[in-house]
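**Student:** Below is the structure I would like to discuss, written out as structure tokens.
The values are calculated or read from the model by the stated rules, or taken from the named source; none is laboratory data. Computed from a prediction, not measured in an experiment: that's the story for all the values here. Positions of Cβ are backbone-derived with ideal geometry, glycine not excepted, and every protein chain shown enters the neighbour counts.
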């Protein structure tokens, strides 16, 4: 470890479940080349992701963690271990213990039997907390949950147990539902020895995590708008790296020899992402205030963030509960060629009439993709009133939702009949049926969510 005057580097390798599996490679390559103390983190969980992982674990007790975990870690695990770059992630999802076993198995396969895996447990509060005794968080009290069946409940835990794992020598830290900023706060607290009540420093860590948590969003992804906001080499967009100093300096940059960009615009967009109140971004570790911050371009693909402040962490943690919901059926079919718009509108009307004729107990919506869909309402006002240019082709989407699985399935299948019963030039039908997940968030006192940390070598875990 170099002196405390050197920056500590924090690299991000994923911003959601399903992110690019080759993205971490240039990040790790850059961290190693720079030769400074560093850490990598992977943020792969959304609220819906945890719910789906819980359902996957129900089907198979050895599943329920990030499905791309082995693909994400395989190319970088040995390099990070040899360079003493710890890897942290919430890739344990609904089954951190199984994820830890997979990491251990991978380490042995790569000839790293002494690699230490830290396992953080405690976020799953399904069987330990009565939700009906907790206050509902934010606007979720308007949801009708009377008939909903609980799948799982997970608390957003903070950085403290992650730091304990690093202090015990973990090379890879496996956790479930952590807060996103905690994954960056933890290696910074561990490296610099920041006090947990130094709210200014912890706020910098939270901002670091917030800016990096969505991967390439801060390096030009989503920001990219060809002809208006261009980025170089988008097929090879680089993932972000933060440089943090002991006194709270923060610079955002990205992996070398990659596409994308880091400038004032990308950083501002990500800073404001998902912030209901810029003066009070509540995390388990600190309440971050960005209302007085400023950003400064300090070099190519280098932006410094100044003026971050923090206040004492809340007494409560957020718990997101997942419930079995209704069913969603989707059917799609295309029409193409001359008069495609008229044929698409007629087909859409037929689909809606078929729902009435069959008396199916479902709520339906039809979209004409390419004409009106994203901004339309459930009554189809935009596509019904569309008088614009004639499209060369239209994709018709029927969505049906309801509690009766068979009724929803039958509704979605109506598009298949259009192959013979529909207008001229109709084809390419498909349909699918998926369960819907409802989520509702609560607040719980943090002392009611104890965590445990264990650190063992890959050899020990596998034996």
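**Student:** Identify all residues within the stretch 296-306 that are more than 20 Å from residue 185 (Cα to Cα) and surrounded by 15 or more Cβ atoms within 10 Å (Cβ to Cβ); write none if there are none.
**Tutor:** If the condition is that a residue be more than 20 Å from residue 185 (Cα to Cα) and surrounded by 15 or more Cβ atoms within 10 Å (Cβ to Cβ), then 301, 302 are the ones that fit.
**Student:** Can you pull out the residues in the stretch 422-445 that are over 23 Å from the mean Cα position of the chain (by Cα) and under 26 Å from residue 155 (Cα atoms)?
**Tutor:** 445
**Student:** For the stretch 165-181, does any single residue satisfy the condition of being at pLDDT 95 or above and on the phi > 0 side of the Ramachandran plot?
**Tutor:** yes
**Student:** In the stretch 167-196, how many are closer than 18 Å to residue 123 by Cβ and surrounded by 24 or more Cβ atoms within 10 Å (Cβ to Cβ)?
**Tutor:** So the count comes out to 15.
**Student:** Look through 311, 363 and report the one residue that is under 30 Å from residue 153 (Cα atoms) and over 27 Å from the mean Cα position of the chain (by Cα).
**Tutor:** 363 is the lone residue from the list that is under 30 Å from residue 153 (Cα atoms) and over 27 Å from the mean Cα position of the chain (by Cα).
**Student:** Something else about it: Given (1) within 34 Å of the chain's Cα centre (by Cα); (2) over 30 Å from residue 125 (Cβ atoms); (3) without any contact (Cβ under 8 Å) to a residue 60 or more places away in the chain, identify the lone condition not met by residue 398.
**Tutor:** Residue 398 satisfies every listed condition except (3).
**Student:** I'd like to check which strands (runs of 3 or more DSSP E) are fully inside the stretch 380-463 and have at least 3 residues that are surrounded by fewer than 16 Cβ atoms within 10 Å (Cβ to Cβ).
**Tutor:** Hits in the stretch 380-463: 426-445.
**Student:** Please work out if residue 89 is farther than 22 Å from residue 258 by Cα, assigned by TED's automatic domain parsing to the domain that holds residue 454 and buried (at least 18 other Cβ atoms within 10 Å of the Cβ).
**Tutor:** yes
**Student:** Only one of (1) assigned to a strand (DSSP E or B); (2) in the same structural domain as residue 138 (by TED's automatic domain parsing); (3) surrounded by fewer than 19 Cβ atoms within 10 Å (Cβ to Cβ) fails for residue 310. Which number is that?
**Tutor:** (3)
**Student:** Turning to a different aspect of this structure: Could you tell me how many of the residues in the stretch 329-366 are in a strand (DSSP E or B) and closer than 17 Å to residue 432 by Cα?
**Tutor:** Residues in the stretch 329-366 being in a strand (DSSP E or B) and closer than 17 Å to residue 432 by Cα: 10 in total.
**Student:** In the stretch 61-72, what count of residues is obtained for those that are assigned to a loop (DSSP other than H, G, I, E, B) and out of contact with any helix residue (DSSP H, G or I) (no Cβ under 9 Å at 6 or more places or on another chain)? Before you say what the answer is, go through the steps one by one.
**Tutor:** Taking the stretch 61-72 as the starting set, the residues that turn out to be assigned to a loop (DSSP other than H, G, I, E, B) are 61-68.
Checking the rest, the ones that are also out of contact with any helix residue (DSSP H, G or I) (no Cβ under 9 Å at 6 or more places or on another chain) come to 68.
Adding up the residues that qualify gives 1.
**Student:** Tell me which of these residue 286 doesn't satisfy, since it passes every other one: (1) exposed (fewer than 15 other Cβ atoms within 10 Å of the Cβ); (2) more than 19 Å from residue 239 (Cβ to Cβ).
**Tutor:** Looking at each condition in turn, residue 286 falls short on (1).
**Student:** Which of the following residues is touching a strand residue (DSSP E or B) at 6+ places or on another chain (Cβ under 9 Å), modelled with pLDDT under 95, surrounded by 17 or more Cβ atoms within 10 Å (Cβ to Cβ) and under 23 Å from residue 121 (Cβ atoms): 48, 57? Working first, answer last.
**Tutor:** Numbers: 48 fails: surrounded by 17 or more Cβ atoms within 10 Å (Cβ to Cβ).
Exactly one residue qualifies, and that residue is 57.
**Student:** Only residues that are under 21 Å from the mean Cα position of the chain (by Cα) and farther than 13 Å from residue 40 by Cβ: list them for the stretch 56-73, please.
**Tutor:** Once the filter is applied, which keeps residues that are under 21 Å from the mean Cα position of the chain (by Cα) and farther than 13 Å from residue 40 by Cβ, the stretch 56-73 yields 56, 57, 63, 64, 65, 66, 67, 68, 69, 70, 71.
**Student:** So which of 37, 75, 26 is in contact with a helix residue (DSSP H, G or I) (Cβ under 8 Å, 6 or more places away or on another chain) and farther than 26 Å from residue 158 by Cα? Before you say what the answer is, go through the steps one by one.
**Tutor:** On the way: 37 fails: farther than 26 Å from residue 158 by Cα; 26 fails: in contact with a helix residue (DSSP H, G or I) (Cβ under 8 Å, 6 or more places away or on another chain).
None of the others qualify; the one that does is 75.
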